[in-house]
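Take a look at the structure below.
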Amino acid sequence: MASESSFDVVSKVDRQEVDNALNQAAKEIAQRYDFKGVGASIAWSGESILMVANSAERVLAVLDVFQTKLIRRGISLKSLDTGESEPQPSGKEYRLAGTIQEGLSSEIAKKLAKIVRDEAPKGVKTQIQGDELRVTAKSRDDLQAVIALLKGADVDAALQFVNYR
């Protein structure tokens, strides 16, 4: 048995599931009666997701449909970033762009490391490695306590715990 155990804290999203959720949302928007004649649509626009309709309320309704599909597919809404979340007028239509966040930003990784340093059991170490955070300790029980602590943390990222050794 190894003398130290570790796990990585990451924020990754299955792009295929996001694509499936987007296709399901587009299909529902095309078929629903309340979206008829309002020019509502949702589609990929490069790396972002573009939602379009003829009124701000309809764009927010498109966003709601998309969020529902993401939840059904098991994708955290914390991974969807719509920025200002207020639809912007563009000619005769309103647009809202959203992006799928992947990887931990340096600010979030530092915040998580500070939480672990302040509240976790003694002997637990953290190390920021690019867009992930490695947590190591001698005891697996300490690592389990850190996972429970981080699950309860208020962070703007969809956290996953991987490479548990």
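Along the chain, counting only GluC sites (Glu not before Pro) with a DSSP assignment other than H, G, I, E or B and at most 13 other Cβ atoms inside a 10 Å radius, the longest segment between sites is 85-165.
Computed from point charges on the beta carbon alone (+1 for Lys and Arg, -1 for Asp and Glu), the dipole magnitude for the chain about its Cα centre is near 320 Debye. Computed as a quarter of the hull surface, the mean projected area of the alpha carbon convex hull for region 1-136 stands at 10.8 nm². Remark: region 142-155, residue by residue, has Karplus-estimated 3J(HN,Hα) of 5, 5, 4, 5, 5, 4, 4, 5, 6, 5, x, 6, 8, 10 Hz, where x stands for each Gly or Pro and the curve is 6.51 cos²θ - 1.76 cosθ + 1.60 at θ = phi - 60°. The stretch between residue 151 and residue 14 holds 47.3 nm of extra length on full extension. This uses 0.36 nm per residue minus the Cα-Cα distance. Semi-axes of the equivalent ellipsoid for region 67-117, computed as √(5λ) from the eigenvalues of its C-alpha gyration tensor and ordered from largest down, come to 29, 16, 7 Å. When the C-alpha to C-alpha distance is required to be over 31 Å, the pairs from 69/151; 111/138; 12/122; 110/138; 12/92; 114/138 that qualify are 12/92.
With N the number of residues in region 1-80, Rg(Cα) / (2.2 N^0.38 Å) evaluates to 1.45.
Looking at 68, 164, 150, which one has the Cα that reaches farthest to the positive end of the dipole of region 48-165 (charges on Cβ: Lys, Arg +1; Asp, Glu -1)? Of the listed residues, the answer is 164. Taking label positions 7 Å along the Cα-Cβ direction at both residue 3 and residue 78, the computed distance is 3.4 nm, reported to one decimal. Residues in region 5-15 carry Karplus couplings, in order, of 10, 8, 8, 10, 9, 10, 9, 10, 10, 6, 4 Hz; the curve used is 6.51 cos²θ - 1.76 cosθ + 1.60 with θ = phi - 60°, and Gly or Pro positions show x.
Heavy-atom accessible surface of the chain, averaged per residue, reaches 57 Å², computed with a 1.4 Å probe. Amide hydrogen proximity for residue 45: with H placed 1.01 Å from N in the peptide plane, the residues at 5 or more positions away or on another chain lying under 5 Å are 50. The value obtained for region 70-165, namely the Cα convex hull volume divided by the number of residues, is 121 Å³ per residue. Of 41, 79, 139, the residue with the greatest mean-square motion in the GNM of the chain, using alpha carbon springs below 10 Å, is 139.
The values are calculated or read from the model by the stated rules, or taken from the named source; none is laboratory data. This structure is a prediction, so every number in the text was calculated from the model and none was measured. Here Cβ is always computed from backbone atoms with ideal geometry, including for glycine, and neighbour counts include all displayed protein chains. Each accessible area value is taken on the protein alone, full model and side chains, heavy atoms only, with ligands, DNA and RNA left out. Shrake-Rupley method; radii C 1.70, N 1.55, O 1.52, S 1.80 Å.
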